[in-house]
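What follows is a short report on a single structure.
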Amino acid sequence: MSKFVDHELVSQEVEPSGAMTERDWARQRVQRKRKLRDDVVAYVAVNMFLTGIWVFTGAGYFWPGWVLAGWGVLLLLDTWTVYHQRPITDADIDREMSGRR
């Protein structure tokens, strides 16, 4: 994920208790999905460009593979976060607290 602050996420309204509403959580999830889609498009475009450079310069050692692999791992981690991370529920907190006793 990006190290930059997403000002739209920071400025969203939250309940007085400080917890995000379901609508806020859904909005954040949609924003994350859109960002992931944009990141995948950039990944494909940049790596096609780098592979093109590799082809036109003699196609020796496949150095674009390092960029493909490193960036690909980061995209996989982002994909996991976007599609498999869920919000913490009261049941999760209760389960954690019961295990502590």
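Cβ-Cβ distance of S98 and R27, R₀ of 35 Å, FRET efficiency by 1/(1 + (r/R0)^6): the value works out to about 0.60. Each residue of region 26-43 was assigned a 3J(HN,Hα) from its phi angle through the Karplus curve 6.51 cos²θ - 1.76 cosθ + 1.60 (θ = phi - 60°); the sequence is 5, 4, 4, 5, 4, 5, 5, 5, 5, 5, 4, 4, 4, 5, 5, 4, 5, 4 Hz, with glycine and proline shown as x. Per-residue 3J(HN,Hα) values for region 90-96, derived from phi via the Karplus relation 6.51 cos²θ - 1.76 cosθ + 1.60 with θ = phi - 60°, read 4, 5, 4, 5, 4, 4, 5 Hz in sequence order (x marks Gly and Pro).
So, with +1 on the Cβ of K and R and -1 on the Cβ of D and E, and no other charges, what is the size of the charge dipole of region 18-100 about its Cα centre, to the nearest 20 debye?
Details: 11 positive and 9 negative charges, 44 e Å.
With Lys and Arg at +1 and Asp and Glu at -1, about 220 debye.
Which of the listed residues, L36, V73, W54, is farthest toward the dipole's positive end in region 18-101, when Lys, Arg count +1 and Asp, Glu count -1 at the beta-carbon? Highest projection toward the positive end goes to L36. Semi-axis lengths, largest first, of the ellipsoid equivalent to region 18-100 are 40, 16, 6 Å, with √(5λ) applied to each eigenvalue of the Cα gyration tensor.
Here, each number is a calculation from the coordinates, and none is a lab measurement. Only a predicted model underlies this, so the values are computations on that prediction, with no experimental measurement involved. In this analysis, Cβ positions are derived from the backbone assuming ideal geometry, glycine residues included, and neighbour counts consider all displayed protein chains.
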